[in-house]
Structures are given as C-alpha cells and as structure tokens.
Amino acid sequence: MLQKLERVKRELVRKGAIVDMYTDYVKMPDGKIAEWDFIAHRKGAAAVLPVMPDGKILMVRQYRNALDRFTLEIPAGARDSVTEDTAVCAKRELEEETGYVCRKIEKMLSLKSTVAFCDELIDVYLATDLVPGEQNLDEDEYIEIVACDLQELCEKVYAGEIQDAKTAAAILAYANRIKG
C-alpha cells in the first residue's frame with residue numbers, strides 16, 4: 001500500500017518569463033525530508049495538428065535551445081492568460097506559425113508534458129478546413145513549414161526522430177482516430 005507523502009514547504013528559486021522553478025521539501029513516510037525540483041508553467045498551452053485538404057499535416061521545424069538542435073513539431077504556444085480558451089490559443093498559434101487559419105477545430109486530448117517535475121498542461125487540437133491567412137512569427141522565432149504524410153510522421157515517432165511529447169501524442173492520436 002502506498003504511504004502518504006506531504007509537501008511541507010515550497011521555495012521559489014527563480015522566476016522566469018514562462019516558468020517558475022521551485023525547490024519542494026517533501027516529508028517521506030519514514031519522516032525524512034526530501035528535496036525535489038518543481039517547475040510551474042504559468043499559463044498552460046495549446047497545440048494544434050493542422051491537416052490540409054489533401055491529408056498532409058503541416059509541421060514546423062524550429063530550433064530548440066534545450067536540445068541545441070532543430071525539431072519537427074506541431075504548432076503550439078502558451079496561452080496569453082490563464083483564462084484564455086485553449087481553442088483560441090491553438091487557432092492563434094496555427095496562424096502565427098504556419099500562416100493558415102482553420103475553419104474547424106476539435107479538441108483531441110489534454111496532456112501533462114513531464115509529470116515528474118512540471119505541471120505544464122497542453123490541450124491538443126485537430127484543425128481542418130484550412131485556408132491561407134498571415135504568418136506572424138515572434139521576433140525570436142525562425143520556423144520552416146513542412147507538409148508531411150501521416151505515415152511518414154508515425155515512422156518518425158517510432159524511429160525516435162520526433163521526440164517532442166505533444167507532437168508524438170497528437171500524431172498517434174490522429175492516426176488512431178482515422179484508422180478506426
């Protein structure tokens with residue numbers, strides 16, 4: 001049987017632009033105090049899997065500092081506020097990053113990206129009926145748009161070429177949805 005653990009203290013280590021880092025002090029069942037890192041994602045986020053009329057999926061290739069390399073991902077971004085509807089956020093990120101607007105958007109899933117140390121929540125949407133809009137990248141964003149076949153993306157997930165959790169989850173959820 002699992003025994004009770006109790007967080008007895010949380011100390012702010014660093015306040016960031018998107019996340020805050022804390023040290024949590026957790027009382028173990030044997031009475032000892034353990035120190036755990038915790039990252040609080042302030043606003044939450046939304047991601048979107050955009051499917052073109054021909055079935056191709058629009059992906060974004062961008063540099064990710066944490067990995068020091070370019071990654072292939074679905075469009076995503078933080079909400080403007082904790083009260084912003086994630087569907088609104090997903091639509092905005094879709095247009096900002098790809099230059100496309102969707103006429104239909106549907107929530108596929110919600111996920112916590114890294115539950116061991118972070119509380120980030122991402123709602124993942126499926127966007128269809130896409131029409132050209134206007135790309136509007138942030139000043140520090142450099143993105144290449146890539147249209148891919150679903151099968152190709154599934155293979156990239158299973159080969160470990162796509163490791164981003166929200167992207168892998170979205171691709172596999174969509175593949176499962178259309179096959180059955």
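The values are calculated or read from the model by the stated rules, or taken from the named source; none is laboratory data. Since we're looking at a predicted model, the values are computed, not measured. A quick note on method: Cβ atoms are made from the backbone with ideal geometry, for glycine too, and the neighbour counts reach across all protein chains shown. What goes into the accessible areas is simple: the full protein's heavy atoms, side chains included, and nothing from ligands, DNA or RNA. Shrake-Rupley method; radii C 1.70, N 1.55, O 1.52, S 1.80 Å.
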Open item on the list: Checking a compactness column here: for the range 82-130, what do you get for Rg(Cα) / (2.2 N^0.38 Å), N being the number of residues?
Closed with: 1.26
Task: Per-q log10 I(q)/I(0), the range 127-180, q = 0.16, 0.22, 0.24 Å⁻¹ (Debye; single scatterer per alpha-carbon; no solvent) - done: -0.65, -1.01, -1.08
TODO: Would you mind getting me the FRET efficiency between K104 and E141? Use the beta-carbon distance for r and R0 = 25 Å, nearest 0.05.
DONE: 0.45
Task: 37 °C / 0.692 mPa s Stokes-Einstein diffusion coefficient of the range 17-151, Kirkwood radius on C-alpha pairs, µm²/s - done: 201
- [ ] Please figure out what share of the DSSP beta bridges in the chain is antiparallel and state it in percent, rounded to the nearest 5.
- [x] 85
Task: Hydrodynamic radius by Kirkwood, which averages 1/r over all alpha carbon pairs of the range 48-107, in angstrom - done: 12.5
Task: Equivalent ellipsoid dimensions for the range 1-97 as semi-axes, Å, which come from the Cα gyration tensor, largest first - done: 37, 15, 15
Open item on the list: Run the count for the range 28-127, please: Lys pairs, Cα-Cα under 30 angstrom, 8 or more apart or on different chains.
Closed with: 13
Open item on the list: In Å², and per residue, what accessible area does the chain have when probed at 1.4 Å with the other protein chains present?
Closed with: 60
- [ ] Apply the membrane-span-like helix rule to the chain: whole DSSP H runs, Cα extent along the own long axis of at least 20 Å, mean Kyte-Doolittle hydropathy at least 0.0. List the helices found.
- [x] 165-179
Task: With every protein chain in place, the chain: carbon and sulfur % of accessible area (1.4 Å) - done: 50
